[in-house]
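The values are calculated or read from the model by the stated rules, or taken from the named source; none is laboratory data. All values reported here derive from a predicted model rather than from experimental measurement. Please note: Cβ atoms are built from the backbone with ideal geometry, for glycine as well, and neighbour counts cover all protein chains shown. Ligands, DNA and RNA are excluded from the accessible area calculation, which covers all protein heavy atoms including side chains. Shrake-Rupley method; radii C 1.70, N 1.55, O 1.52, S 1.80 Å.
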Amino acid sequence: MGAVKSKRMPRAVREQQMLDAAVLTFARRGYRAASMDEIAEVAGVSKPLVYLYLNSKEELFSAVIRREATALAEAVRAAVEPGASADRQLWSGLKGFFAHTAEHPDGWTVLHQQARTQGEPFAVEVAALRAEIIEFVTAMIGAAAQEAGCAREPAAREVSGLAHALVGAAESLADWANSASPGAGERPSAKDTAATLMNFAWAGLGRLMAGERWSPGR
């Protein structure tokens, strides 16, 4: 009854409180096992109030995905250094991505592990976030090619493929960095994780921009 009699607050604030509780519960329990009773208890409200605000478990999960996806995309865009060289923009964007996923591990778990495995419409919403980030990275790689004055600029399809590969690597590294035991020693910082990916990817991209290409016959 204490939760039901909790202090009145603006609807928007109360709704964010419910979404915070839902993120934590979905991340720790999984979508199927999480219950509205548990989410209400964590939020400190009654279950009928959760239904009043967010209608159903499915709509609550969708609202969580949209909020966490928007926050991640905004964090990446805000981190990119405007007017910087292409490699500095990619570097700062990666730092923003890894910093956000490290600071919001439950949100990242919901996006990358829970939502993608629950089918439509949840997987579709996560795919839209991924497509937005890939489009952003594609533009940066294309800008890098122009900046480097490539004699033979990579084709649009190749640039898109490189962007997909880079985003996939970033997602995998975020899982690794946020895991309980990523390896010996402490968890890597966002800066260290971004540097790992830059060392892996940018050196190769730099050679590609210079016209060097690997082939199985070499």
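A few notes on this one:
- Accessible area in square angstrom per residue, the stretch 1-136, 1.4 angstrom probe: 51
- Placing dummy labels 7 Å off each Cα toward the beta-carbon, the span from residue 37 to residue 55 is 2.5 nm.
- Qualifying trypsin sites (Lys or Arg not before Pro) in the stretch 1-104, DSSP loop, other Cβ atoms within 10 Å at most 13: 5, 7, 8, 32
- Accessible-area composition of the stretch 20-132, carbon plus sulfur, in percent [1.4 Å probe]: 51
- Net +/- balance of residues flanking residue 91 in space, Cβ distance below 13 Å, scoring K and R +1, D and E -1: 0
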